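Undergrad: Input: one structure, supplied below.
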Amino acid sequence: MERAGRRRGLYWVCVLVAVAATVGGAAIAYLGYTETAGPSGAVRGYFAALARSDAAGALAFGDVPDGRRTLLTTTVLREQQRIAPLRDFSIVSTHRDGAKATVDVEYTLRFPGREVPVAATVALHASSGDWRLDQTAISTELQAEGGRQRQSVLGGPIPTGPVLLFPGALPIRVDTPYLQLDPSRDSVSFGAPTTTSVYLDVTDRARSAMLAAVRAALNTCLTGARQYACPLPDGRSVPGSVHGRVTGAMRTTRVYLDLQNPVGRIGFEASATITGRYRRLNFHNRPVSGPGHFSLDVSAAAYAVAPLTTTWTTS
């Protein structure tokens, strides 16, 4: 009798465990369903898939528009998340009108050294009892603004013509430490224009390298033989007559990328205080000595590859 009672007790324990597991599983399934139910749930699920680099999961939440789908892959999505992870997603508001809805969202793209807030509106429609995104990708054409040959997508050149992209950072790599994507402009979201310009920023490393290279070139000008391509104090200075030394630190006034150059040409402008001498033409076009302490504005350029090789330019 005692053994039979133990069997019955064990039986009911197993029954209770099975019921608890069933109820728990149902609760988890229900919570999973409610998490992606309705327009806001579908949008939440879509952006969660983007954040974990799940391309197939993101595409399953809606319709894919017409266009080239070569960039709608997990590899590209991982690259977008590597460049600027999508974080801090939130639903702002949801508006329903029969079988159509819009959901306003906010999220953050965490570019290196800078977080970029994004606000977007996602359109949806009801289909067979579910809510689906009208478009799970964005059609746009990427247009490089300077330094195109320094940029690549999937190891190749930037594709020409319209392509489909997931929302987020542009999946573009730059092959030099002297240039980087511009966080404020190099991303796409719902409502993006048909053309997306790709802008590059000059990095802090490039600024430091350009300053050092220009100062070294200027020292060569001031201490070497007559160099007629060197900077001059003013328009009446005699080329090759400037000699002396830089006093104090050079003052950088502008460092920029030449938007017309596809190779990636960095421009640099600065001023320096010079202690030395030079000759200039007076109003009778006769050379006379200039002051021994003067300011010199310099303008130079270099291609964004190491080591930087600068050339003097006109500002």
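Undergrad: Going by what's in this entry, would G244 be described as assigned to a strand (DSSP E or B) and at positive phi?
TA: Judged against the criteria, G244 is a match.
Undergrad: Here is a further query. Going residue by residue through region 137-145, is there one that turns out to be under 30 Å from G267 (Cα atoms) and in contact with a Phe, Trp or Tyr (Cβ under 9 Å, 6 or more places away or on another chain)?
TA: Yes.
Undergrad: Which one is least open to solvent (accessible area, probe 1.4 Å), of the residues in region 196-235 that are hydroxyl-bearing (S, T, Y) and closer than 19 Å to G276 by Cβ?
TA: Restricting to residues being hydroxyl-bearing (S, T, Y) and closer than 19 Å to G276 by Cβ, the top hit is T220.
Undergrad: Identify all residues within region 194-232 that are part of a strand (DSSP E or B) and among the aromatic types (F, W, Y); write none if there are none.
TA: Across region 194-232, the qualifying residue is only Y199.
Undergrad: While we're here: Would you mind telling me which numbered condition in (1) open to solvent by 70 Å² or more (accessible area, probe 1.4 Å); (2) assigned to a strand (DSSP E or B) T94 fails?
TA: (1)
Undergrad: Looking at (1) surrounded by 22 or more Cβ atoms within 10 Å (Cβ to Cβ); (2) closer than 27 Å to A48 by Cβ, find the lone condition where A192 falls short.
TA: The failed condition is (1).
Let's see how each residue does on (1) in contact with a helix residue (DSSP H, G or I) (Cβ under 8 Å, 6 or more places away or on another chain); (2) basic (K, R); (3) not in a loop (DSSP other than H, G, I, E, B):
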residue: D234; (1), (2), (3): no, no, no
residue: G248; (1), (2), (3): no, no, yes
residue: V255; (1), (2), (3): yes, no, yes
residue: L259; (1), (2), (3): no, no, no
residue: I266; (1), (2), (3): yes, no, yes
residue: T273; (1), (2), (3): no, no, yes
residue: F283; (1), (2), (3): no, no, no
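For (1) among the β-branched types (V, I, T); (2) more than 30 Å from the chain's Cα centre (by Cα); (3) closer than 13 Å to R207 by Cα; (4) open to solvent by less than 70 Å² (accessible area, probe 1.4 Å), each residue gets a yes or a no:
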| site | (1), (2), (3), (4) |
| --- | --- |
| S237 | no, yes, no, yes |
| G244 | no, yes, no, yes |
| F283 | no, yes, no, no |
| H293 | no, yes, no, no |
| T309 | yes, no, no, no |
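Undergrad: For residues that are open to solvent by 50 Å² or more (accessible area, probe 1.4 Å) and either touching a residue at least 12 places away in the same chain (Cβ under 8 Å) or over 26 Å from V43 (Cβ atoms) (or both), tally how many sit in region 122-156.
TA: Result for region 122-156: 11.
Undergrad: Looking at V76, V43, which is the one that is over 26 Å from Q151 (Cβ atoms), open to solvent by less than 40 Å² (accessible area, probe 1.4 Å), assigned to a helix (DSSP H, G or I) and among the β-branched types (V, I, T)?
TA: V43
Undergrad: Also, quick follow-up: Residues that are on the phi < 0 side of the Ramachandran plot, surrounded by 17 or more Cβ atoms within 10 Å (Cβ to Cβ) and at pLDDT below 85: does region 254-276 have at least one?
TA: No, region 254-276 has no match at all.
The values are calculated or read from the model by the stated rules, or taken from the named source; none is laboratory data. As the structure is a computational prediction, the values presented were derived from the model and not from experiment. Methodologically, a virtual Cβ is constructed for each residue, glycine included, from the backbone with ideal geometry; neighbour enumeration extends over all protein chains shown. Ligands, DNA and RNA are stripped out before the accessible areas are found, and what is left, the full protein with its side chains, is counted by its heavy atoms. Shrake-Rupley method; radii C 1.70, N 1.55, O 1.52, S 1.80 Å.
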